Amino acid sequence: MKITGVVVGVLVSTAVVLLVTYGLGVSFVLHPTPSENFNEGLLIQQDVIRKETTENINDLKKANKDLEGKVETLQVQNSDMEEVNDDLQKKLDTLQESKHKEWNAISSGCGDWLKSCENNCVQTSTTPIPKHVHFVSLNHPFSFMEWLAVVSARNKIKPDKITVYTDGLQDSCWWRRALPYIDHQIIHTLPGANVLNRVGIRLVEHKSDFLRLSILYHSGGIYIDSDILSLNSFDPLLKHQMVLSEQCGSEVNVALMMSQKHSCVLCRFAHLSCKNFNGGWVTHSVGALSSFVKSLDKERDDVAILPWKSGFHPMCYNAKGLDELYTKDFDSISGYNKTRIYSVHLYHSRFESQQLIRTKVHIFDWIQTSKSLVALTIRESLPPGFSQQHLHESQCTDIQLPD
């Protein structure tokens, strides 16, 4: 019995141990350790990340493929653009070469174009003189007076185009203010030959004299000296082949000239002008033109000679006339109708030397108060709202001119 009790005790103990062990095992299986929970979470996160990464890679591959397609399209377009650019460059080169040849013809003054113009010119034409205004500005910065000339031409003549021919030395605040009124047809070069009839062409004014003839022959239009202000429309004059203006008495001036393109009349005068050049101040210009006009048939109606009282200024180019132009009340001058005066010649040297208007402040005061023809014309040419401070050259770059 004792042994049996021992055996039973052992069996019971063993059973207890087994039950405890089984219970622990079940407990272990049903309740994992924190370490196993962490590892399992990592595995789940890795699977999620792996899946997301795979999806992202696929998306990137697709986007890359789309991008490659777009790159190929852009490459094709770029190739097409390069071809277009090459074509444009070729056209530009051709245009520049053509313009260069054309300008060489224009700037040659008494050059090759004169040799052929008599055979190629137009004797008669029903085409009006082009409303194309030409200015020449050489060897100096653009001035307030030249700005006025451009502005008045734009407002009074209302041209289709304004061209300024220059050697590139014109830059100033007034030049920049003039640009909105110019059609940006600007050629930077110093025109004309250096020697003619074995005489040196040294004066810029003489180069300009020959240049204007060539410009009008090749382009046609209206040549205006840059110290002339326009007063009224030129439309009634454009029906002629050529329009000239007396400056006083029987002298004919070259400061204002209008011509049809390829005019035979202009061609003949250009020959005479070049032939007569001897270095004298006006031998080839006013002198030659006055003689040329006398040789024309008085009955012809294709050349208009404006009387000096209505052409481009109503006073003679002498001390008395210039004094009246700047100082005499225009209303007191009898026999003049302002509505029939096409333009007024300020005479650059006279404008700059006037003692009354030597300073910019005095200029503005004089412009606002004087009743002279010059002051009246300037007042009409100024844009609305123009004030004294606009005349200060040093401040001009900081001032916005009124529209």
(Q) Suppose the filter is modelled with pLDDT of 65 or more and part of a loop (DSSP other than H, G, I, E, B); does PRO384 pass it? (A) yes
(Q) Regarding the range 300-319, can at least one residue be identified that is basic (Lys, Arg), surrounded by fewer than 18 Cβ atoms within 10 Å (Cβ to Cβ) and modelled with pLDDT of 80 or more? (A) no
Q) Here is a list of conditions, (1) touching a Ser or Thr at 6+ places or on another chain (Cβ under 9 Å); (2) modelled with pLDDT under 80; (3) not in a helix (DSSP H, G or I), and PHE364 meets all of them except one; can you say which number that is? A) (3)
Q) Within the group LEU60, LEU24, which residue is assigned to a helix (DSSP H, G or I) and at pLDDT below 80? A) LEU24
**Q.** ILE222, sole failed condition from (1) farther than 13 Å from TYR342 by Cα; (2) in a strand (DSSP E or B)
**A.** (1)
Q | ASN253 out of contact with any Cys (no Cβ under 8 Å at 6 or more places or on another chain) and assigned to a loop (DSSP other than H, G, I, E, B) | A | no
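Can you confirm whether ASP93 is among the charged types (D, E, K, R), surrounded by 10 or more Cβ atoms within 10 Å (Cβ to Cβ) and modelled with pLDDT under 65?
Spelling it out, ASP93 is indeed among the charged types (D, E, K, R), surrounded by 10 or more Cβ atoms within 10 Å (Cβ to Cβ) and modelled with pLDDT under 65.
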Q | Single condition GLY335 does not satisfy, out of (1) at positive phi; (2) modelled with pLDDT of 80 or more | A | (2)
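The values are calculated or read from the model by the stated rules, or taken from the named source; none is laboratory data. These numbers come from a predicted model, not from an experiment. FYI the Cβ positions are ideal-geometry reconstructions off the backbone, even for glycines, and counts take in every protein chain you see.
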